[in-house]
1. Report the charge-dipole magnitude of the stretch B:200-341 in Debye, nearest 20, computed about the Cα centre from +1 at each Lys and Arg Cβ and -1 at each Asp and Glu Cβ.
2. Using a cut-off of 9 Å between beta-carbons, work out the net charge of the residues near A:LEU296 (Lys and Arg +1, Asp and Glu -1, A:LEU296 not included).
3. For the stretch A:137-255, what mean projected area does the convex hull of the alpha carbons give, in nm²?
4. Kirkwood Rh and Cα-based Rg: tell me the resulting Rg over Rh for chain B, rounded to two decimals.
5. Note the distances from A:LEU182 to each other copy's matching label point, with points 7 Å along the Cα-to-beta-carbon direction, in nm, sorted shortest first.
6. Cα extents of the protein assembly as shown along the three principal axes, largest first, in whole Å?
7. For the stretch B:218-343, what is Rg from Cα atoms divided by 2.2 N^0.38 Å, rounded to two decimals?
8. For chain B, what is the mean residue ellipticity at 222 nm derived from helices alone (per DSSP H run of n ≥ 4: -39500 (n - 2.57); sum divided by total residues; nearest 500 deg cm²/dmol)?
Protein chains: 2
Amino acid sequence: MNYYELLKTEGRAKRGVLHTIHGDIQTPVFMNVGTTGTIKGAVTTKDLAENLKSQVFLANTYHLHVRTGDEVIKELGGLHKFMVWDKPILTDSGGFQVYSLAGLRKIKEEGVYFSSHIDGRKLFMGPEESMQIQSNLGSTIAMAFDECPPALADRQYVQNSVERTTRWLLRSKAHIEKLNALEDTVNKEQLLFGINQGAIYDDIRIDHAKRISELDLPGYAVGGLAVGESAEQMYHVLDVTVPHLPQNKPTYLMGVGTPANILEAVDRGVDFFDCVYPTRNGRHGHAYTHHGRLNLKNKAFEKDMRPIEEGCGCPACTRYSRAYIRHLLKADEMTGLRLMVEHNLYFYNNMMEEIRTAIEEGRFAAYKAEMLRCINGDGDI
Amino acid sequence: MNYYELLKTEGRAKRGVLHTIHGDIQTPVFMNVGTTGTIKGAVTTKDLAENLKSQVFLANTYHLHVRTGDEVIKELGGLHKFMVWDKPILTDSGGFQVYSLAGLRKIKEEGVYFSSHIDGRKLFMGPEESMQIQSNLGSTIAMAFDECPPALADRQYVQNSVERTTRWLLRSKAHIEKLNALEDTVNKEQLLFGINQGAIYDDIRIDHAKRISELDLPGYAVGGLAVGESAEQMYHVLDVTVPHLPQNKPTYLMGVGTPANILEAVDRGVDFFDCVYPTRNGRHGHAYTHHGRLNLKNKAFEKDMRPIEEGCGCPACTRYSRAYIRHLLKADEMTGLRLMVEHNLYFYNNMMEEIRTAIEEGRFAAYKAEMLRCINGDGDI
């Protein structure tokens, strides 16, 4: 069964829709990152749904596993009910946090042995454990358990790692099918996305893309990017890899990126994105606009009664001034962080809406060129 | 002119309304403390106005003076416009922060010399400076500049201090009248409340109350309480002092208090309150309910899918569970703090509404007794 419908293309850019048990996802889409079951910056799921044009919530399997625990969340009816969100949720596999956050770890064929970043206790996660946790959370889309090798890993390491990732994908697929068939599973329609790896080695990327495409999964991600390589290297990987992933399935570029990155990746056939930039940069006082980034802490905004961006429909811009938000940020008030994060998430989600409309109307190339020209301005306007 | 209308009494309890240029204030009222022009806990002025039953915003003169500066705020149109709030604002005099926060300070007849708590620069504040700052902010109600003597100050110190506070009140009154008459004043209808002092010395309190009542100000506060004395001492001060303040003016008990303190003070004729408890305690995980306080961080709430309080109309209770809020607090997520603060402010503002209705219906005594019985329960329900 195919859950994805390709509605329109322009060059390699795709305008699609993914039908899920929690509603349709219009693509290209940006998924809003809520690590522990909430957006950092005091933004509620109600805000996301009603004011920020958010379609998909991305939650981190590892964080929810170590606190409050996926078994508790399952007992309470799953993550949708727990955080009160009825639209789609994508959970990552937990792998990325295991590699980036956890203490001493050892990668073996069966999975990864590591220590909790909270209390140091010994944990183990392999494909079956990752699927079990994601099944307990009951997300709409589960991600396969993979290894994300270091950006500068040598070819032999990457080759071995990717082969193991393929074996882990087969185990992920087998296990989620088993879990989806169980009586007490939270979401029996949970979808599995596979993940392409291969670092910056074209042939490994291509071989792996071909191999995992044969599995006919509901979607495919390109992983292991935005981990230290240049933007050009990333675009090159997309250029060589995406054509070997099925066009009639959603393509998800994990952890990316800036507005420019997203425009370039959409142009290369990507239709799912996630990134902490809008939330993290917002908390640091950086606002995204159609005219570049603003640092709201700048003295220049002290008496600026304009909104962050004229015409923006976000909760910050429709009511508050740059001067007030700057004041809140300088005073270390959480309200300032919240308004910044709300603005940035709205900007990202709204940009994706603009991208979708542009593809529908056959003018994505022009939209992309104009956006790149504008957002590369000096920004302090 | 009298801005206050006494609508109903029950014993000494007063149900009134203060007519201001920014709208009516129904009393008894709790003013929501937004130190730097926002509520701590990522609650916006929009939330306050639309979801939390807030009538009056209390802003701190000292904090706004040292950052972003009252002159800037005046230039931008005043505090109402700056923080986007069209209901009444009360500003304190700045005195309390000068005594509690600032570095080395020296109290002289002309005012107080002190150092900024932010950058240590030398500052001076006297009655004229305090009125000037509050006039620049354009608040609805300005507080007179007073000295708040230490709770355990000796009689002679308190006597001298109160006499100076009286002289400062006369200077405050003269200066605000002058400022209100100026062409470019933000709020020409700014009201001045005087402040009664006298620590725990009945005769000093009474003499001072009589003396300042002669000035026929739009309202009077009882200051210098909730600074270390017992609740019984505070109630005693109210018992002896309030009868010597005009009943046909609003009576404001500064910086108080718990729900029980408020019920007792309403019963003694107080109709304005402010306190950081609902916000500060909320941020620490403590929720007020009609059945006592809950510590939401308790393990007992891990799987509790009930709202903080059944039947509560706040943004937290109408959507989220104790289990989710506990999870957010344990994970140090700002969203948890926000939901707690929203609940507690709603609880306080809603309790004041219940108090007003009870007085109107002549059943305040019964309401108070029932509330005291309930909120003294063990709370962890």
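1. Roughly 960 debye for the stretch B:200-341.
2. Once all neighbours under 9 Å are counted, the net charge is +3.
3. 7.1
4. On the way: Rg = 20.4 Å, Rh = 21.2 Å.
My calculation of the ratio gives 0.96.
5. Once sorted, the set of distances for A:LEU182 reads 7.2 nm.
6. 91, 54, 44
7. Working: Rg = 17.6 Å, N = 126, 2.2 N^0.38 = 13.8 Å.
Against the empirical 2.2 N^0.38 Å value, I get 1.27 for the stretch B:218-343.
8. Numbers: 14 runs with 153 residues, N = 381.
Rounded to the nearest 500, the figure is -12000 deg cm²/dmol.
The values are calculated or read from the model by the stated rules, or taken from the named source; none is laboratory data. Every value quoted in this text rests on a predicted model; they were computed, and no experiment measured them. When we count neighbours, we look across all protein chains shown, and the Cβ atoms used for this are built from the backbone with ideal geometry, even at glycine. For accessibility, only protein heavy atoms count, side chains too; no ligands or nucleic acids. Shrake-Rupley method; radii C 1.70, N 1.55, O 1.52, S 1.80 Å.
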